[in-house]
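Reviewing the structure listed below.
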Protein chains: 2
Amino acid sequence: MAEKETPPIILQFAPLNSSVDEGFWHSFSSLKLDKLGIDDSPISITGFSGPCSHPQVSNHLTLLSESLPLDEESLIGSTSHGNRNKCPVPGILYNTNTVESFNKLDKQSLLKAEAKKIWEDIQSGKALEDSSVLSRFLVISFADLKKWSFRYWFAFPALVLDPPVSLIELKPASEYFSSEEAESVSAACNDWRDSDLTTDVPFFLVSVSSDSKASIRHLKDWEACQGDHQKLLFGFYDPCHLPSNPGWPLRNYLALIRSRWNLETVWFFCYRESRGFADLNLSLVGQASVTLSSGESAETVPNSVGWELNKGKRVPRSISLANSMDPTRLAVSAVDLNLKLMRWRALPSLNLNVLSSVKCLLLGAGTLGCQVARTLMGWGIRNITFVDYGKVAMSNPVRQSLYTFEDCVGRGEFKAVAAVKSLKQIFPAMETSGVVMAIPMPGHPISSQEEDSVLGDCKRLSDLIESHDAVFLLTDTRESRWLPSLLCANANKIAINAALGFDSYMVMRHGAGPTSLSDDMQNLDINKTNTQRLGCYFCNDVVAPQDSMTDRTLDQQCTVTRPGLAPIAGALAVELLVGVLQHPLGINAKGDNSSLSNTGNNDDSPLGILPHQIRGSVSQFSQITLLGQASNSCTACSETVISEYRKRGNSFILEAINHPTYLEDLTGLTELKKAANSFNLDWEDDDTDDDDVAVDL
Amino acid sequence: MAEKETPPIILQFAPLNSSVDEGFWHSFSSLKLDKLGIDDSPISITGFSGPCSHPQVSNHLTLLSESLPLDEESLIGSTSHGNRNKCPVPGILYNTNTVESFNKLDKQSLLKAEAKKIWEDIQSGKALEDSSVLSRFLVISFADLKKWSFRYWFAFPALVLDPPVSLIELKPASEYFSSEEAESVSAACNDWRDSDLTTDVPFFLVSVSSDSKASIRHLKDWEACQGDHQKLLFGFYDPCHLPSNPGWPLRNYLALIRSRWNLETVWFFCYRESRGFADLNLSLVGQASVTLSSGESAETVPNSVGWELNKGKRVPRSISLANSMDPTRLAVSAVDLNLKLMRWRALPSLNLNVLSSVKCLLLGAGTLGCQVARTLMGWGIRNITFVDYGKVAMSNPVRQSLYTFEDCVGRGEFKAVAAVKSLKQIFPAMETSGVVMAIPMPGHPISSQEEDSVLGDCKRLSDLIESHDAVFLLTDTRESRWLPSLLCANANKIAINAALGFDSYMVMRHGAGPTSLSDDMQNLDINKTNTQRLGCYFCNDVVAPQDSMTDRTLDQQCTVTRPGLAPIAGALAVELLVGVLQHPLGINAKGDNSSLSNTGNNDDSPLGILPHQIRGSVSQFSQITLLGQASNSCTACSETVISEYRKRGNSFILEAINHPTYLEDLTGLTELKKAANSFNLDWEDDDTDDDDVAVDL
Ligand SMILES: [Zn+2]
Ligand SMILES: [Zn+2]
């Protein structure tokens, strides 16, 4: 039988298999969301491979979390350093932003491009210096980050040898080598694998001298190995376990050998292991006949093959991580993704971290409070505290979007409690709490027994304002906004104010506190640009806030507004806060207005203009921006009031609460009032009547 | 013992007790909400009383549902007709709108005013004709319709006799009358009570002739009864059961007797019953000595007393019906109340019935759909149908206000299903349903296998539009608005359209359909005012709607808008619908704009102007109204398209879906497009570029 002439057998290579760890997709998702955005340039990644180490299982080419570049500079570049079981393989990832783009990718061209790199590395000699470049790979993918599902397709480009390589013989290495040789080869391989310098070098030479001593050499030493050996084999880490076939890396290896040294027959050594040591029973040795085609030249890149099959078919693979992820984490990442999409597309300079870390205090959890909280969540704000004294009433849920019928059956849940519950139900990652508390009001005299409790509330409110970054004034009376306005001016906190008439609304941001200039003496820019502070809600007044609630009729007790108002004003209030947070000057930003939109400091903010006040009417479907400076006789934010509060503390507050005229006397409003008693003080009109205070621009 | 002189005993009267049936408060609440509003004028009511009919229990003065006037004309006026156990007593109700007003009522004056009426009726002789006016009563109340609690206080005005009446003797009637007399008195009383004419006449004369025959006579017959009787007693239906005292009605009776006939001693008969028949053992007969004070005159109204005590104290009573009411009914009434309050205070001409009966179809249940549904609920709209094909995704709840985290865990609930569930949780009285369906789109070709299903969807959509009154177009693609726009124009249904850019919004109402003029030939007014129809969403286009979704990148697939936009646009869309519904011309109302607000037809609508389009920008915090007429080459609402649709039906639709240029060819847009290919078609800009189509006013 051995003598019988057999037709040449075409050498068949066992294809590589890919394996992608979920950690890779998680890391890639982060990279995409945090750095790449919609940039779909190809990125360099590193696959990991190694010699087969099990008689029944081939070793895969694996993508792990660390397959991705560590930092932005290395997106196109070097290969990660590996270890004995994770020999790095250079790869490239083409990720598309749509499934249509994925399907439209020209796979043949992409494969050809990678094959060309291999061919060029062979021709240039680079493959001799760094043999890992012989086993490049390529992945195309579409990452649906909304659904956490990934479609992908690997290619392991292999240069097609023409004519094909024929196999002369193939046998276990233990049969090829003498036992003495085998022992020496094993020892040399184990040394090669144990050395940090060579453990991940997958292509090498095995030379066995006539005295059966084996040594492993780098490919570049081929010339040096000529002559003095009995046997010289081309070894490589073979991921394949099959006894009948060498693995895929041999293809490009043979292309190198043929092109570089023009050999006619090649002895190759498929190195395989067991339990971390060379196993010459699993390892193969073969002899192949390699013929150089007549037309081949260095300039012509050979054809290439290598797209991985999926269960025998030419289709991509896909994986969904959604089911294996914690639902809350999924929600967090989905919400984050939406915000990042907004940034990628429209607001590259948007600072999302400022939004996710800001702490908002909402005074009032009614129609406005509910809408403000919802819009804050839409912007990615995570930390919301509600202050409200009321309970959810039967008429609330149809207008107050955080409550349901269930919250008002029986005696009704406190709004501050129900709102917190609702936010958690909407988005479990919210950090939110509720404080059931009435806000002390000037002009609502209290008895001496009540003093401790009211002063306690003042302290709580002051502490809450100190511990938050932005305060929304959303209560339904004018006078309940006074103390928070004062405390925000005192603490120099951002205050956003929204108030509703029947069919008109006002949304404004308060200016910095009167002491903010001295506090920030270092910041010369602010001193320069901000010689005058913006006004607060009370700056336009010529009367101090007083009791407006007692003896109101049924209809007045109810906040009678057109249902469309609160969503509009609440949403605008949040957009205004976001504008302040994104503005380089923050609370000190001067007030813009629509008509100056082509000049001024609008370019500073990616969000557009940052007005001081917005007033609108649903009966006219109109909206305007206004600007008003801080008043020296303001009962809430003037230096007189703030310094009196700092000096006298509780006794100042009690006097304001118990004596309706105290604030007016203190600030000189009493005098102003006498001079101005013909003014129309309804804010819906005062933009026309009160030009020197609120300026209609 | 009998001979011994005893000091005069002051006659003591047992006070009346009030009893108010819950039905009275329910009826009064309805009256208040439906008719009275905040009008707090006193209203005439009728109490019901009758003779005591139980040895241990006095009869109360009772208010029942029928105590209230039946119609508006009788708010001040006549007394209800009663029966034997419900003898009508005229009363007056002072209901206040606040608890403070209730507390501030001048109870002494009110009582005096009622006492004066009694005194005047005595003086004028009216009390002889209609003796029921001797027992007037008075109620003050504060109805807190938000909490369904009622505070009230009865007064039974009694004229104070000065000097007081002294009692000479008082005994059971069975002891006063001989048994023969007693039998005859009983029979006569039973006859009086059995006659429809006299059963509810509570004051009467009992005359017993010398032959022991008794007869009951009207008070006005007193003169006629003189002389021919052995005994003449003043009888009355006594609600009191006590054997020791007559009941309260005797007080004013004695005032009448004293003033009218100037008697010194009076025999009175306290008529009481058992099981519907006169019971002379319970009934009392007494003799009183009545002295006319020297200063008394007809002009001087005697002092009066009569405020009812509550468990011995001078405090009002209160009752809460909330606990006994079905919570859903409470919610319904609370929501109704809020709307009525709005009407009372600000919009007297607002037609709430139009709102509560209108059926709204919402195409799209995303950010806009959720906000629109919520604002509709705020306006009292009860009937909402959602159409949406999508499921709730993890990123939705923070922006789509009808969904929670729970709706998106696992595979996610269909939005159309989750939205319905949410509406019911907010307000159980909602009539709402959801349809999971994609809207067929032009330029999205389908295979022949899909035809049946797509045409089925067209039919369903058409049926849905036919069965609703107003359609909201809230989907997130342009082309999905085409078929609904066409179907609304065809069916002449109100269509409200809202669309979002990244930081700008557009809200508009479509004009009437092209065939509306011929359909409404009778209505000359419309023909006159509406020579040109308002445009639809597609009227400005020079391209037909086409596939805009395929191959959009990740960020484009996501509706990337600033989070404040949807609340604003959704709320404006609903305010616009409400304006149309309240406008006398409805869908045919011409488009107003802000700058003409002082002229034009704005006075027609209590809500303000009714624009055609509203466009706004959150980056500029600005908002304007626009007006655009219908275009003859519109791909959705032109007569060409509608008549082609009516003629060809399904084949028309299939052609539009499968052939991107069909609609343009049909309407002549292809030609127009050639002429206009330099236009900027992005709607955010076309108010400046496209002046002849969309006119910026
Ligand atoms: Zn101020
Ligand atoms: Zn049109």
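The values are calculated or read from the model by the stated rules, or taken from the named source; none is laboratory data. Note that the structure is predicted; figures quoted are calculated from it, not measured. Because the Cβ atoms are built from the backbone with ideal geometry, glycine has one as well, and the counts that use them run over all protein chains shown. Please note that ligands, DNA and RNA were not included when accessible areas were found on the heavy atoms of the full protein model with its side chains. Shrake-Rupley method; radii C 1.70, N 1.55, O 1.52, S 1.80 Å.
Listed here are the residues, each with its yes/no results for (1) in contact with a Gly (Cβ under 7 Å, 6 or more places away or on another chain); (2) of a type in the set (Ser, Thr, Tyr).
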position	(1), (2)
A:TRP267	no, no
A:SER274	no, yes
A:VAL290	no, no
A:THR300	no, yes
A:GLU308	no, no
A:MET325	no, no
A:LEU355	yes, no
A:TRP379	no, no
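For region A:124-198, the strands (runs of 3 or more DSSP E) that sit wholly inside it and include 1 or more residues that are under 45 Å from the mean Cα position of the chain (by Cα) are A:137-144, A:149-159. Of all residues in region A:319-334, none satisfies being closer than 30 Å to A:ARG260 by Cβ and modelled with pLDDT under 85.
Would you call B:ILE496 within 14 Å of chain A (Cβ to nearest Cβ) and either within 16 Å of ligand 2 (Cβ to nearest atom) or in contact (Cβ under 8 Å) with a residue 40 or more places away in the chain (or both)? So B:ILE496 fits the description; yes. On inspection, A:ARG615 passes the criterion of being modelled with pLDDT of 60 or more, surrounded by 18 or more Cβ atoms within 10 Å (Cβ to Cβ) and not small (Gly, Ala, Ser). Across region B:211-242, which residue is least open to solvent (accessible area, probe 1.4 Å) among those that are touching a Lys or Arg at 6+ places or on another chain (Cβ under 9 Å) and more than 26 Å from B:VAL89 (Cβ to Cβ)? Restricting to residues being touching a Lys or Arg at 6+ places or on another chain (Cβ under 9 Å) and more than 26 Å from B:VAL89 (Cβ to Cβ), the top hit is B:ALA214. Taking interchain pairs and intrachain pairs at least six residues apart, which have beta carbon atoms under 9 angstrom, with the first residue in region B:89-109 and away from chain A (no Cβ under 14 Å) and free of Cβ contacts under 8 Å to residues at least 24 places away in the same chain and the second among the basic types (Lys, Arg) and open to solvent by 50 Å² or more (accessible area, probe 1.4 Å)? That search, which allows pairs on different chains as well, returns nothing.
Taking the listed residues A:SER184, A:SER207, A:SER215, the one that is of a type in the set (Ser, Thr, Tyr), touching a residue at least 24 places away in the same chain (Cβ under 8 Å) and farther than 27 Å from A:SER124 by Cα is A:SER184, with no other qualifying. Restricted to region A:619-669, the set of helices (runs of 4 or more DSSP H) holding at least 2 residues that are hydrophobic (A, V, I, L, M, F, W, C) and more than 11 Å from ligand 1 (Cβ to nearest atom) comprises A:650-658, A:662-667. Checking each residue in region A:391-421 for being in a helix (DSSP H, G or I) and either surrounded by 21 or more Cβ atoms within 10 Å (Cβ to Cβ) or within 9 Å of chain B (Cβ to nearest Cβ) (or both) picks out A:PHE405, A:GLU406, A:ASP407, A:LYS415, A:ALA416, A:ALA418, A:ALA419, A:VAL420. Pairs are defined by a Cβ separation below 7 Å, a sequence spacing of at least 6 or placement on different chains, a first member in region A:451-467 that is of a type in the set (D, E, K, R), and a second member that is part of a helix (DSSP H, G or I) and open to solvent by less than 60 Å² (accessible area, probe 1.4 Å); the pairs so defined are A:GLU451/A:LEU654; A:GLU466/A:ALA491.
Pairs linking a residue in region B:240-269 that is in the same structural domain as B:PHE203 (by TED's automatic domain parsing) and over 17 Å from B:GLU223 (Cα atoms) to a residue that is in a helix (DSSP H, G or I) and open to solvent by 20 Å² or more (accessible area, probe 1.4 Å), with Cβ atoms under 8 Å and 6 or more positions apart or on different chains, are B:TRP248/B:SER135; B:PRO249/B:SER135; B:ASN252/B:SER135.
Quick check on B:ASN602: is it assigned by TED's automatic domain parsing to the domain that holds B:ILE494, in contact with a Gly (Cβ under 7 Å, 6 or more places away or on another chain) and at pLDDT below 60? Against the criterion (assigned by TED's automatic domain parsing to the domain that holds B:ILE494, in contact with a Gly (Cβ under 7 Å, 6 or more places away or on another chain) and at pLDDT below 60), B:ASN602 qualifies.
Counting only helices (runs of 4 or more DSSP H) wholly contained in region B:298-390, the ones carrying 3 or more residues that are facing chain A (nearest Cβ under 9 Å) and open to solvent by 20 Å² or more (accessible area, probe 1.4 Å) occupy B:327-346.
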